[in-house]
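The values are calculated or read from the model by the stated rules, or taken from the named source; none is laboratory data. All values reported here derive from a predicted model rather than from experimental measurement. Every residue, glycine among them, receives a Cβ derived from its backbone with ideal geometry; neighbour counts consider all protein chains shown. Accessible surface is based on the protein model in full, side chains and every heavy atom, while ligands, DNA and RNA are left aside. Shrake-Rupley method; radii C 1.70, N 1.55, O 1.52, S 1.80 Å.
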Amino acid sequence: MKCIEVKDLTYSYDENTPVLKGISFDIDVGEYVSIVGHNGCGKSTLCKLLIGLLEKNSGSIVIKGQELNQENLTSIRNKIATVFQNPDNQFIGATVEDDIAFSLENMNTPLNEMTQKVKEAASKVGMIDYLTKEPSYLSGGQKQRVAIADALVREPEILILDEATSMLDPSGKKEILDLISQMRKENPSLTVISITHDIEESYNSDRIILLDEGNLVLSCSPSELFDNRELIKKYNLTVPFVVELKYKLEEIGYKFDQNPSLEEIGEKLWQSK
């Protein structure tokens, strides 16, 4: 079942600056898709178009069977939660609890139900002990956990991550990516779109969409992309560490399944002793 259908989508900030040049793609319900490309390729513009912050020049965006337009913008936005690069720009409440509860208050959720949902969302992201804290005093990783709790409490059908880990250290990035993985296990119908310049993050997604100068140049599995060294070179992509390690080991005779994890590579090396 299709979750998102984009056809011939174009957008320009002015007549002389085309940002997206007639791109088309589909995303299935429950799919985890990474949209990658260098700065200026149109990734964040695409995100803003998908959530209605920008209005397309031409083409169509269909979300869960509804074409995105001004008439149904609110109903479509209710299906989507977005986590942006800088969580400070999303905080509204004076405390973590207030912030997570904000969207539920707008939905006129009864107090008892709202309190329970806030606690459940905070617990899932490991922030249950921080409900009375001010968001400004949290670490970068903790702030993004709260931002994800804000999204989670709304029970979205689609989660969009717009460079959501770009300001985090490696440990913080791993925490957030592990959290997204856990959310997908708990809700297999959750569709996740990760817009990122960090190709390391795309390694465990179901599919990668590669944008280059406003064009969609590739839509394939991570293994199809990373096994094609000509494409990697052509688009000047940085290969994830685990893929580089796989390349080196294959050169000396090791064989791996597609997309091995570091743990699987370690196990293979251990067994070969």
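Which residues, counting only those in segment 261-273, are aliphatic (A, V, I, L, M), loosely packed, with under 13 Cβ neighbours inside 10 Å and within 17 Å of residue 200 (Cβ to Cβ)?
Narrowing segment 261-273 to residues aliphatic (A, V, I, L, M): 262, 265, 269.
With the extra rule that they be loosely packed, with under 13 Cβ neighbours inside 10 Å, the set shrinks to 262, 269.
Within segment 261-273, just 262 meets the criteria.
Would segment 57-78 turn up any residue that is among the hydrophobic types (A, V, I, L, M, F, W, C), modelled with pLDDT under 95 and part of a strand (DSSP E or B)? I'd like the intermediate steps shown before the answer.
As a first pass, look at segment 57-78 and keep what is among the hydrophobic types (A, V, I, L, M, F, W, C): 61-63, 68, 73, 76.
Filter once more, so that each one left must be modelled with pLDDT under 95: 68, 73, 76.
Checking the rest, the ones that are also part of a strand (DSSP E or B) come to none.
Scanning segment 57-78, I find no residue that is among the hydrophobic types (A, V, I, L, M, F, W, C), modelled with pLDDT under 95 and part of a strand (DSSP E or B), so the answer is no.
Please go through segment 188-212 and give me each residue that is of a type in the set (Asp, Glu) and assigned to a helix (DSSP H, G or I), ordered by number. Before you say what the answer is, go through the steps one by one.
If we filter segment 188-212 for residues that are of a type in the set (Asp, Glu), which is where we start, we get 198, 200-201, 206, 212.
Of everything in segment 188-212, those that are of a type in the set (Asp, Glu) and assigned to a helix (DSSP H, G or I) turn out to be 200, 201.
For segment 56-81, how many residues meet the condition of being open to solvent by 30 Å² or more (accessible area, probe 1.4 Å) and more than 19 Å from residue 216 (Cα to Cα)?
12
Here is a yes/no grid of residues against (1) of a type in the set (Lys, Arg); (2) open to solvent by 10 Å² or more (accessible area, probe 1.4 Å); (3) under 27 Å from residue 141 (Cβ atoms):
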site: 163; (1), (2), (3): no, yes, yes
site: 167; (1), (2), (3): no, yes, yes
site: 183; (1), (2), (3): no, yes, yes
site: 201; (1), (2), (3): no, yes, yes
site: 207; (1), (2), (3): yes, yes, yes
site: 218; (1), (2), (3): no, yes, no
site: 221; (1), (2), (3): no, yes, no
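Every residue in segment 159-190 that is of a type in the set (D, E, K, R) and within 11 Å of the chain's Cα centre (by Cα), please.
Start the filter on segment 159-190 by keeping residues that are of a type in the set (D, E, K, R), which leaves 162-163, 169, 173-175, 178, 184-186.
Scanning segment 159-190 gives 162, 163.
Is there any pair with a first residue in segment 85-103 that is more than 19 Å from residue 123 (Cα to Cα) and without any contact (Cβ under 8 Å) to a residue 40 or more places away in the chain and a second that is open to solvent by 30 Å² or more (accessible area, probe 1.4 Å) and assigned to a helix (DSSP H, G or I) whose Cβ atoms are under 7 Å apart and which are 6 or more apart or on different chains, and what are they?
Once the first residue is more than 19 Å from residue 123 (Cα to Cα) and without any contact (Cβ under 8 Å) to a residue 40 or more places away in the chain and sits in segment 85-103, its partners that are open to solvent by 30 Å² or more (accessible area, probe 1.4 Å) and assigned to a helix (DSSP H, G or I) give 92/102.
Could you pull out the residue among 233, 185 that is more than 26 Å from residue 158 (Cα to Cα) and of a type outside the set (Asp, Glu)? Walk me through how you get there before you give the answer.
Numbers: 185 fails: more than 26 Å from residue 158 (Cα to Cα).
The unique qualifying residue is 233.
Within segment 23-41, is there a residue that is surrounded by 20 or more Cβ atoms within 10 Å (Cβ to Cβ) and in a helix (DSSP H, G or I)?
Checking segment 23-41: not a single residue is surrounded by 20 or more Cβ atoms within 10 Å (Cβ to Cβ) and in a helix (DSSP H, G or I).
Would you check which residues across segment 185-199 are of a type in the set (Val, Ile, Thr) and either within 16 Å of residue 43 (Cβ to Cβ) or open to solvent by 60 Å² or more (accessible area, probe 1.4 Å) (or both) and list them? Spell out how you get there, then give the answer.
Taking segment 185-199 first, the residues of a type in the set (Val, Ile, Thr) are 191-193, 195-196, 199.
Result: 192, 193, 195, 196, 199.
Among residues belonging to segment 232-260 that are closer than 18 Å to residue 43 by Cβ and open to solvent by 40 Å² or more (accessible area, probe 1.4 Å), point out the one that is modelled with the lowest pLDDT.
238
Kindly check whether there is at least one residue in segment 148-158 that is at pLDDT 90 or above and under 12 Å from the mean Cα position of the chain (by Cα).
Checked against the condition, which is being at pLDDT 90 or above and under 12 Å from the mean Cα position of the chain (by Cα), segment 148-158 yields at least one hit.
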